[in-house]
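**Q** Please see the structure below; I have some questions.
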Amino acid sequence: MSVFSDFFHVKQTPILSLLGMGGGGTGTAIGGPTGPGGLNASGGNAEESPGNGYKYHFFTSPGNFIVSSAGPGEIDYLVIGGGGSGGNAPDNGSYLGAGGGGAGAFMTGQVTTLQAATYAIVVGDGGLYNNPVQGNPSSYPGPLQPTPLNGPFPASTGWGGGKGNDSSFNAPGANGVSAITAEGGGAGGGGTNTPGKAGAAGGSAGSPGGYAPAETIAGSGDPFPGSGPSFPAPANGWGNDATGTGSNGGGGGGAGGTNPTHTGGDGLAAFNGDTGIPASYGRPGSGPGRYFAGGGGGGADAAAGPYPGTHGGGAGGTSTTTSARTGGNAFANTGSGGGGAGADDYPNPSTNGTGGSGGSGIVIIRYLV
């Protein structure tokens, strides 16, 4: 049986607004589960909001959602994959800015068949710039060095960052409830001094590095239409593509929008602006509630930037002889992308440019009490 009570499948143009750090996005109201309370459960960080009648379980690491009494068997969920890291750009070769990492997929909807049982929760880690397993193979010519800062860099190219890890509720599916899996975000492409390197696909895509071909990297989620409710999400969750050309890296895609040039794409508010979510989770936005799954900013050259990430996404690095070339890390448990490395300050020697890590994902469950 499907966990979704009603899907609407859309393929429309996402929001393309230029945003500042932590700003932007949209939010609308959500109708929660109907019927009386009576569901009793434990697991994660449990908090009750007397103002709206919901109890919340916040999972910031793997665990179990243990239902002792299912009551009406209805919950709302939000499952967000880990964000992808930004791309890298070595020193001493006129390497251009790298692409920002994409956000993890934003899966949200309702389960109406919950039983008294234990449901496994997985929270995906964010992508890492130096992970040889997660590395984006399209963005470098050979295996990624396990410790790039201490090892030789490729002679003529940067490399992509690491893809975010998936988050899930009840995988692989049990007790009459289907598994819900949110794919991790795509890695940003490396900065190069030859044609730039593409970003990688994910829940939302990582953006290409500087001078990459004029192409779009597809996210596996459906693009948010820009208005109306985001609950429930379509079957693939919400996620967006990423593009980027020029000497600056593009911004990574976010759950609520593609990258507006070099800034990270918009995230979305949990449960369409539910004000019962404490400020210790997610990031603020232009509307009510707490926002998640924003894109990382692209790396910049000497004449531009820094380009911010959005809704927890890391800012891109800048062209400098210092560690400011390094892309910013995304906020933990936002599922947002890391910032891309800044361009090389050629011909001046500088630190090697590495991408910021993606933010770990999160799983939130709420129900009426």
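**Q** For a quick protection proxy, order the peptides 200-209, 230-239, 248-257, 68-77 by their average other-Cβ count within 10 Å, most packed first.
**A** Numbers: 200-209: 40.0, 230-239: 23.7, 248-257: 41.7, 68-77: 18.8.
Result, highest mean first: 248-257, 200-209, 230-239, 68-77.
**Q** What do you get when you divide the Cα radius of gyration of segment 296-351 by 2.2 N^0.38 Å, with N the number of residues? Mind dumping the intermediate values first?
**A** Values: Rg = 11.2 Å, N = 56, 2.2 N^0.38 = 10.2 Å.
That works out to 1.10 for segment 296-351.
**Q** Among 320, 330, 289, whose Cα projects farthest towards the positive end of the dipole of segment 236-351, with charges put on the beta-carbon of Lys, Arg (+1) and Asp, Glu (-1)?
**A** Checking the options against the dipole of segment 236-351, the answer is 289.
**Q** Under a 5 Å amide H to amide H cut-off, with H placed in plane at 1.01 Å, what residues pair with residue 328 once short-range neighbours are removed?
**A** Amide H neighbours of residue 328: 315, 316, 317, 339, 356.
**Q** So, one more: With all protein chains present, calculate the accessible area of residue 163 using a 1.4 Å probe and round the result to the nearest 10 Å².
**A** Probe radius 1.4 Å; accessible area of residue 163 about 60 Å².
**Q** Also: On the full set of protein chains, 1.4 Å probe, figure out the accessible area of residue 283 and give it in Å² to the nearest 10.
**A** 70 Å²
**Q** Using a ≥ b ≥ c from the Cα gyration tensor of segment 46-105 (square roots of the eigenvalues), is it rounded, prolate or oblate, where a/c under 1.5 gives rounded and otherwise the larger of a/b and b/c decides, a/b for prolate?
**A** prolate
**Q** Now, a different point. Using the crude model of +1 on Lys and Arg Cβ and -1 on Asp and Glu Cβ, and no other charge, please compute the dipole size for segment 256-369 relative to its Cα centre, in debye to 20.
**A** Details: 4 positive and 5 negative charges, 71 e Å.
Charge dipole, segment 256-369, about its Cα centre: 340 debye, nearest 20.
**Q** Probe 1.4 Å, all protein chains in place: accessible area of residue 368 in Å², nearest 10?
**A** The accessible area comes out at roughly 50 Å².
**Q** Which FRET efficiency, nearest 0.05, do residue 261 and residue 286 yield, Cβ-Cβ r, R0 25 Å? Please list the in-between numbers first.
**A** Numbers: r = 19 Å, r/R0 = 0.76.
With R0 = 25 Å, the Cβ-Cβ based efficiency is 0.85.
**Q** So, in Å, what gap is there between the alpha-carbon centers of segment 335-369 and segment 160-188?
**A** One Cα centre to the other: 19 Å.
**Q** Taking a ≥ b ≥ c as the square roots of the Cα gyration tensor eigenvalues, with a/c under 1.5 meaning rounded and otherwise prolate when a/b beats b/c, else oblate, which class fits segment 244-369? Write down the numbers at each step before the final one.
**A** On the way: a/c = 3.42, a/b = 2.39, b/c = 1.43.
Prolate is the answer for segment 244-369, as a/c is 1.5 or above and a/b outweighs b/c.
The values are calculated or read from the model by the stated rules, or taken from the named source; none is laboratory data. Here the structure is a predicted model, which means the values were calculated and not measured. Please note: Cβ atoms are built from the backbone with ideal geometry, for glycine as well, and neighbour counts cover all protein chains shown. With ligands, DNA and RNA removed, areas are computed over all heavy atoms of the protein, side chains included. Shrake-Rupley method; radii C 1.70, N 1.55, O 1.52, S 1.80 Å.
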